[in-house]
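So the structure is just underneath, and the comments pick up after that.
The values are calculated or read from the model by the stated rules, or taken from the named source; none is laboratory data. What you are looking at is a predicted structure, and each value in this text was computed from that prediction instead of being measured. Every residue, glycine as well, gets a Cβ built from its backbone with ideal geometry; the counts of neighbours run over all protein chains shown.
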Amino acid sequence: MHKFDRLQYLPLMLFQLVLMALFFVFVRYGGDKHHDLRGFEGTHVMIFVGFGFLMTFLKKYAYSALGFNWFLAAVVIQWAFLCQNFYHMENNKIMATKETILEADIMAATVLITFGALLGIASGLQLLFIAIIEVAIACANFYLVGDIFKAADVGGSIAIHAFGAYFGLGASFAMRPQKKATSDVPATTVPTVDLNGPTYVSDVTAMIGSLFLWIYWPCFNSALTTTNAEYQRAVINTYLSLASATVTTFVMSSVVSKHHGKLDMVHIQNSTLAGGVAIGSVCNMHVMPGGAIAIGIGAGLLSVLGYRFLTPLLEKCGIRDTCGVNNLHGMPGIYSGLLSVLFAALATSGEYGEDLAAVFGAMGGENGRTAASQALNQLYATLATMVIATAGGFVTGLIAKLGCLSPLKDKEHYDDDVNWELP
Amino acid sequence: MHKFDRLQYLPLMLFQLVLMALFFVFVRYGGDKHHDLRGFEGTHVMIFVGFGFLMTFLKKYAYSALGFNWFLAAVVIQWAFLCQNFYHMENNKIMATKETILEADIMAATVLITFGALLGIASGLQLLFIAIIEVAIACANFYLVGDIFKAADVGGSIAIHAFGAYFGLGASFAMRPQKKATSDVPATTVPTVDLNGPTYVSDVTAMIGSLFLWIYWPCFNSALTTTNAEYQRAVINTYLSLASATVTTFVMSSVVSKHHGKLDMVHIQNSTLAGGVAIGSVCNMHVMPGGAIAIGIGAGLLSVLGYRFLTPLLEKCGIRDTCGVNNLHGMPGIYSGLLSVLFAALATSGEYGEDLAAVFGAMGGENGRTAASQALNQLYATLATMVIATAGGFVTGLIAKLGCLSPLKDKEHYDDDVNWELP
Amino acid sequence: MHKFDRLQYLPLMLFQLVLMALFFVFVRYGGDKHHDLRGFEGTHVMIFVGFGFLMTFLKKYAYSALGFNWFLAAVVIQWAFLCQNFYHMENNKIMATKETILEADIMAATVLITFGALLGIASGLQLLFIAIIEVAIACANFYLVGDIFKAADVGGSIAIHAFGAYFGLGASFAMRPQKKATSDVPATTVPTVDLNGPTYVSDVTAMIGSLFLWIYWPCFNSALTTTNAEYQRAVINTYLSLASATVTTFVMSSVVSKHHGKLDMVHIQNSTLAGGVAIGSVCNMHVMPGGAIAIGIGAGLLSVLGYRFLTPLLEKCGIRDTCGVNNLHGMPGIYSGLLSVLFAALATSGEYGEDLAAVFGAMGGENGRTAASQALNQLYATLATMVIATAGGFVTGLIAKLGCLSPLKDKEHYDDDVNWELP
């Protein structure tokens, strides 16, 4: 610890002042659009309580999980507001409404998913640096997905969940631990306690986050729907997919158990939520209630198997993923993207009626796209997101290793003591 | 532990697949009925966070409390959706709306109340078996109460709370511990730690559940109201009854204290909520704001005295009731049922105006019931619910003792170690 | 402990019965005014979960924090309902609506802020006594601010936050510890554990409160707005002010740190919220989104510096403030009052249009006030609130020292063991 540590976050104060100036110049009140906006409060709970508490499962990293979740999100909601609306200015002005701040909240999820991959292995400054770069790239990708490819992604499984996960994995790979010659390690090293694990109580507080995420996921997925029928489909499908993913998670956790069929809290806290991600891009489509259940079953399977078999494999390749975001947000996000290809290909105006343009913006009207063309664009959106996220995360991770961002030493990982006054 | 334990939950996976198939065959999107539905989000928080965390008070059963609460509810909301709407199909199809999934959520409360009675003494498989049978019976009873007796029960104190509690007590009695010849016990038995109790921290996490249940109870009770005046009465009455029950609970907890007037967390966590149950069946009626306060005072008294004097008595009779659901849901539910008899008898079209048919469906119109007839039907509904719940619970409990449902040994009670990988 | 301890709360039962009688005489259902009321559920979460859990940070006072928060609030919402509506009766009757019970909920915040100052140093009976007196005075002051001065204070930063904080500090000063002759203390005193501090887990549970307060603050501040544009401004400004206060809090907590720039949980739990208080009185005004960010930065600065330097100073003067409510509610409340003077002075009908009368009730119409006159009244309201709160709190605190209210001895401070059966 050097003596200027107390000034470590001053660059953030400068960034905050720049944000203030940009708001003064560009942002005005947007009046009374979207008065009946649904989903804001629920999404807000997910971002700050849901993500925050979900990450308190580590035995000595709860302050950092809650604190940096809050710090990052508070920076990001302001910055994302500007980055997102930069693409939709009128007369060089951004009109602030409850809807546009909801969209900023949703973008915060992207950064917090990335945080989940890097939990305990990146310093506060690294996280803040990564968050600021990531938002700029994610908002550009969001524009690409929604406005160029005109892909349907109402629950953000492609542009938010998959993006955040693969950005995080890319950064994690860039920041992978350096191999050391084993002979360098003195034989008398005192064995350290492994902080990368839970206590009985920390797994209970993590459930606060997990349950609030689960509860408000139908709000999240339906928040940006427009018609009532579309809204109801989004709520019902998300609800059913979450329920069946939860049942599947419990069953599979026992099946793949290491000890006599005992349940694993990691699966319960995370894979139960994969049903919400998997249905995200298609939740407002005509997937049928039975189809929503089927999608959730697939998500539960995919996620539990990922935690059990894939995460240890990735770790051997140097890709640490503390919260297993690949299994909760990454693979279920791709799965949702591929489902959106399928259901776009199946969409007919006979089935959707007037809702067709609400769900697939580019298919409405006389010169609208064909279903096949929409399906292709869904695929492009998914692939582009994966490439941009992984590459962006990797490059950002490389830059984040610079000494000025105070990277952590191995023994400082997963430890609140680095950043916090502890009782 | 035998070697096939890891397949123990596979029957649930089969059940999940059957549910999926039934949804494919019978369930369609219901379009845009009840767009302005109130109460869904609050009820959803109560089911998953409220009930889940309330039951974390045991020192080594928090994972099971939270986990099985979630597992059970995820199964039940799908199954209850089908069982409930089976009685109201159109052209052999069930129309899914946000309202019908709210009703499924509400039915989950019934099962979770039963879980409260059996907390720590039933195995996971037993709980799942009991839940599936209970839902079928509870939905039939719900149809009997609402559609045959046409009883008013907007907050579900009769058909949800009392039903869940007495089903649980019936099952608990069927699963009562077998008396052993004391001579069989070797004199040198190592005394085991009593796991049927709280720690300082577990009582704090239980308060998360308790407070969220309390906060959203006005949502729950008013969720299925139709007119605005009815809705406002339901919210105001529930709010006031909860407040006065809370004050009464604190006072009475001190009065009946075993040690110098000290408060007991069991009362605070539970009896405070009895005001919500007690007002449930009558919350949309003209009970007067002062009457709502009086009802809450009665509920607090009844519940604290029940915890202090009745629960130990029942336990001596072999009826274990870990969470004391008889004091929180059972007796206050009957109390609410009897209040509904009273207020039905007092109902006049002069007082209710156009709301009469909204509150008492069968009293509207020219050929509507008299107040006396409605009162009698309220009584029938309460009595029928008690008989069906108790008998149904008893028989279900007897079946649940079969060996294939892995009943617990005494030393496995209240212990997460049976089901979970612990840190 | 004397033998009548178990009857200690009986006066509260009498008070509850009096409340019931008053409700029977004066309160009727208010029909269907304000059907679309926003903000009730969020405010309700803040009062019971937010304030309750925020105060669980002490290592052995979590039961009392949660319990007395609940007990006090349950008494106060009934009593405040009467006190507030006493000034607005029609034909000697109070019409209960969801809006009037929301206002009672908001008034509960005042008492809970005062509780924060006295946390761990006042007995249960003292707190209840103080609460009942405080509500009567606070409602009179609320009437003075809103109906006599006709000051704009939509988020209650003047009449709720500043009032509650200075009432608490006044009472705390009245109840300050008596100086003892040091020679009286025997040299062999066993050093007691200092209970006025957190544990690792208690700081995590306190974050539950902190985050829910933060999340629902936009609900709270906008709950009593009327037009849609006013509502949207209130939400957006509060959201931005909270975000920038949060960023500022993290940066400043590191800057003023005692140890190498480490973050202090006290700041994170509290000063992050100061942005919500600071924007409160002006959140529905045209402060500009950039202005809201600026206000939040000021609030974060003020609050962290207050915790670091002012609170220890006050403590030396005998003014204990366990939760630091002066830094979270007091100074930010005055700051908000002064901002309301400024923005009232700047208000023009050109900028506000038809909203002018919605924001500043007395400025609408032909005979409305000038901006200068409104600004002056904002100042009067702020000053009057400070004087009435401080004096009222001081006198109430003096009375609360009477022996019949069981004041605590020094060794009983911050200790749940005084009031609770502990596991």
Exercise. Across the range A:104-133, what is the total count of residues that are assigned to a helix (DSSP H, G or I) and away from chain C (no Cβ under 14 Å)?
Worked result: 12
Problem set entry | Checking residue C:41 against (1) within 30 Å of residue C:419 (Cα to Cα); (2) at the interface with chain B (Cβ under 7 Å from one of its Cβ atoms), the condition it does not meet | (1)
For this session: Please indicate, with yes or no, whether at least one residue in the range A:56-66 is touching a residue at least 60 places away in the same chain (Cβ under 8 Å), over 25 Å from residue A:214 (Cβ atoms), assigned to a loop (DSSP other than H, G, I, E, B) and in contact with a helix residue (DSSP H, G or I) (Cβ under 6 Å, 6 or more places away or on another chain).
Result: yes
For this session: Among the numbered conditions (1) in contact with a Gly (Cβ under 8 Å, 6 or more places away or on another chain); (2) farther than 21 Å from residue C:111 by Cα, tell me where residue C:382 comes up short.
Result: (2)
Exercise. Quick one: would you say residue A:136 is in a helix (DSSP H, G or I) and either at positive phi or without any contact (Cβ under 8 Å) to a residue 60 or more places away in the chain (or both)?
Worked result: yes
Problem set entry | Looking only at the range C:352-384, and only at residues there that are polar (S, T, N, Q) and part of a helix (DSSP H, G or I), the one that is surrounded by the most Cβ atoms within 10 Å (Cβ to Cβ) | C:378
Exercise. Give me the pairs: first residue in the range B:286-298 and farther than 12 Å from residue B:234 by Cβ and more than 7 Å from chain C (Cβ to nearest Cβ), second residue outside any helix (DSSP H, G or I) and not aromatic (Phe, Trp, Tyr), beta-carbon distance under 8 Å, and six or more apart or on different chains, which are they?
Worked result: B:295/B:282; B:295/B:287
For this session: For the range C:207-242, enumerate the residues that are in contact (Cβ under 8 Å) with a residue 60 or more places away in the chain and either touching a strand residue (DSSP E or B) at 6+ places or on another chain (Cβ under 8 Å) or charged (D, E, K, R) (or both).
Result: C:229, C:230
Seminar exercise, completed: With the first residue restricted to the range C:315-339 and required to be over 18 Å from residue C:242 (Cβ atoms), and the second required to be basic (Lys, Arg) and surrounded by fewer than 24 Cβ atoms within 10 Å (Cβ to Cβ), Cβ contacts under 8 Å at 6 or more apart or on different chains are C:318/C:176; C:319/C:176; C:320/C:176
Exercise. Taking residue C:7 and the conditions (1) facing chain B (nearest Cβ under 9 Å); (2) out of contact with any helix residue (DSSP H, G or I) (no Cβ under 6 Å at 6 or more places or on another chain); (3) of a type in the set (A, V, I, L, M); (4) buried (at least 21 other Cβ atoms within 10 Å of the Cβ), which numbered condition does it fall short on, given that it satisfies the others?
Worked result: (4)
Exercise. Which ones in the range B:243-263 are facing another protein chain (nearest Cβ under 7 Å), touching a strand residue (DSSP E or B) at 6+ places or on another chain (Cβ under 9 Å) and surrounded by 21 or more Cβ atoms within 10 Å (Cβ to Cβ)?
Worked result: B:250, B:254, B:263
Problem set entry | Residues of the range C:391-423 classified as in a helix (DSSP H, G or I) and buried (at least 21 other Cβ atoms within 10 Å of the Cβ), total | 6
For this session: Kindly indicate the residue of the range A:12-28 that is touching a residue at least 24 places away in the same chain (Cβ under 8 Å) and more than 17 Å from residue C:237 (Cβ to Cβ) and also farthest from the other protein chains (Cβ to nearest Cβ) among those meeting that condition.
Result: A:15
For this session: Please give the number of the condition residue B:225 fails out of (1) more than 29 Å from residue B:62 (Cα to Cα); (2) in a helix (DSSP H, G or I).
Result: (2)
Exercise. Can we say residue B:394 is among the aromatic types (Phe, Trp, Tyr) and within 30 Å of residue B:63 (Cβ to Cβ)?
Worked result: yes
Exercise. Which of the residues that make up the range B:56-66 are at the interface with chain A (Cβ under 10 Å from one of its Cβ atoms) and crowded, with 24+ Cβ neighbours inside 10 Å?
Worked result: B:56, B:62, B:64, B:65, B:66
For this session: Kindly indicate whether residue A:48 is touching a Leu at 6+ places or on another chain (Cβ under 8 Å) and either free of Cβ contacts under 8 Å to residues at least 24 places away in the same chain or within 8 Å of chain C (Cβ to nearest Cβ) (or both).
Result: yes
Exercise. In the set C:77, C:113, C:94, which member is surrounded by fewer than 24 Cβ atoms within 10 Å (Cβ to Cβ), over 18 Å from residue C:144 (Cα atoms) and among the hydrophobic types (A, V, I, L, M, F, W, C)?
Worked result: C:94
For this session: Working carefully through the options B:251, B:204, B:235, B:247, find the one that is in a helix (DSSP H, G or I), more than 23 Å from residue C:24 (Cα to Cα) and modelled with pLDDT of 95 or more.
Result: B:204
Exercise. Is there a residue being among the polar types (S, T, N, Q), more than 12 Å from chain B (Cβ to nearest Cβ), free of Cβ contacts under 8 Å to residues at least 24 places away in the same chain and at positive phi anywhere in the range C:90-103?
Worked result: yes
Exercise. Could you say which residue among C:345, C:357, C:375, C:362 is farther than 30 Å from residue C:54 by Cβ, under 28 Å from the mean Cα position of the chain (by Cα) and in contact (Cβ under 8 Å) with a residue 40 or more places away in the chain?
Worked result: C:362
For this session: Go over the candidates A:53, A:71, A:86 one by one and state the one that is surrounded by fewer than 24 Cβ atoms within 10 Å (Cβ to Cβ) and either in a helix (DSSP H, G or I) or of a type in the set (D, E, K, R) (or both).
Result: A:86
Exercise. Which number in (1) within 20 Å of residue C:66 (Cα to Cα); (2) assigned to a loop (DSSP other than H, G, I, E, B); (3) over 22 Å from the mean Cα position of the chain (by Cα) marks the one condition that residue B:194 misses?
Worked result: (1)
